[in-house]
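Sharing a structure with you now.
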Amino acid sequence: MLIKFFVNEGNKGYLNGLANEFNESTNSIRKELNNLSNANYLLKSKKNNRVIYNANTSHPMFTILQKIVRQHLGLEQIVDTVIERIGDVDIIALTGEYAKGIDSGNIQIIINGLNVNKDYLENIKPKIKKKIGREVSFLLNQNLDSNSIILFNKKIIWIGTFYIQNLDVKKKLKRNFCPWESMHIVQLDMK
């Protein structure tokens, strides 16, 4: 259930839907939802006679739990391996069922860039599977959908809770001017 809510902060779920998704009884799902809600890891809201649950992104442990879930799935290892050897990569994104929080066993990764070494990607699939215990599918130069989670963006350089961002990438975040002419330092608004 942690994968469902913490791999992507936009994922939501309700009792019966989660019971069907996980093929579990509503009682066991209810207990887990209550435990996570009571600990303030999940927020509840009502919509059309349903209680909708989603991750509490303002919880002090949210970032840590999200990182643990992503490490559990092996996403950081995939990104490190791919960036290191496959060519000029612009974006690496998680898509498909894992981006929706469904642990299906097949991780779909979008890789956008020029001169991507397709042979190398095919060769590392079995190595990644052995390392993380899940199948990996690489989709080259595809459009991101609304559920895609960007794992790497060449235009953004992370520095702790800050990142440097090219001006051509527009986001609604707090900006402080940086001495580099074409760059800004952006502090993530954790609220």
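Computed from the coordinates by the stated procedures, all read-outs in this text should not be read as laboratory data. Quick caveat, the model's predicted, so the values are computed rather than measured. Note that we place each Cβ from the backbone using ideal geometry, even for glycine, and neighbour counts take in every protein chain shown.
Mean separation of Cα pairs under 8 Å and 6+ residues apart, divided by the residue count of region 2-62: what relative contact order is that in percent?
Value for region 2-62: 37 percent.
Something else now. Could you size up the charge dipole of region 1-113 around its Cα centre, putting +1 on the beta carbon of Lys and Arg and -1 on that of Asp and Glu, and report it in debye to the nearest 20?
So the dipole magnitude of region 1-113 works out to roughly 760 debye.
Which pairs break 21 Å Cα to Cα here: 100/155; 4/46; 100/154; 47/67; 4/118; 4/67? Working shown, then result.
On the way: 100/155 25 Å; 4/46 19 Å; 100/154 24 Å; 47/67 29 Å; 4/118 30 Å; 4/67 13 Å.
Violating the 21 Å Cα-Cα cut-off are 100/155; 100/154; 47/67; 4/118.
Just to check I understand the Karplus step: with θ = phi - 60° and J = 6.51 cos²θ - 1.76 cosθ + 1.60, what whole-Hz values come out for region 20-35, glycine and proline as x?
Values, residue by residue: 5, 4, 8, 6, 10, 6, 5, 5, 5, 5, 4, 4, 5, 4, 5, 4 Hz.
Now for a separate question. Could you work out how far apart the two model spin labels at residue 104 and residue 146 are, taking each label as a point 7 Å from the Cα in the direction of the beta carbon, and quote it in nm?
The answer from the label model is 1.8 nm.
Taking neighbour Cβ counts within 10 Å as the exposure measure, how do 150, 92 sort from fewest upward?
The order, fewest Cβ neighbours first, is 150, 92.
Here is a follow-up. Along the Cα-to-Cβ line of residue 115, 7 Å from the Cα, sits a label point; which residues in region 53-87 have backbone N less than 11 Å from it?
From region 53-87, the list is 87.
Just need the relative contact order of region 50-164 here, percent rounded to a whole number, with Cα pairs under 8 Å and 6+ apart.
With pairs under 8 Å counted, the relative contact order is 27 percent.
Grab the beta carbon distance between residue 46 and residue 131, set R0 = 41 Å, and tell me the FRET efficiency rounded to 0.05.
0.45
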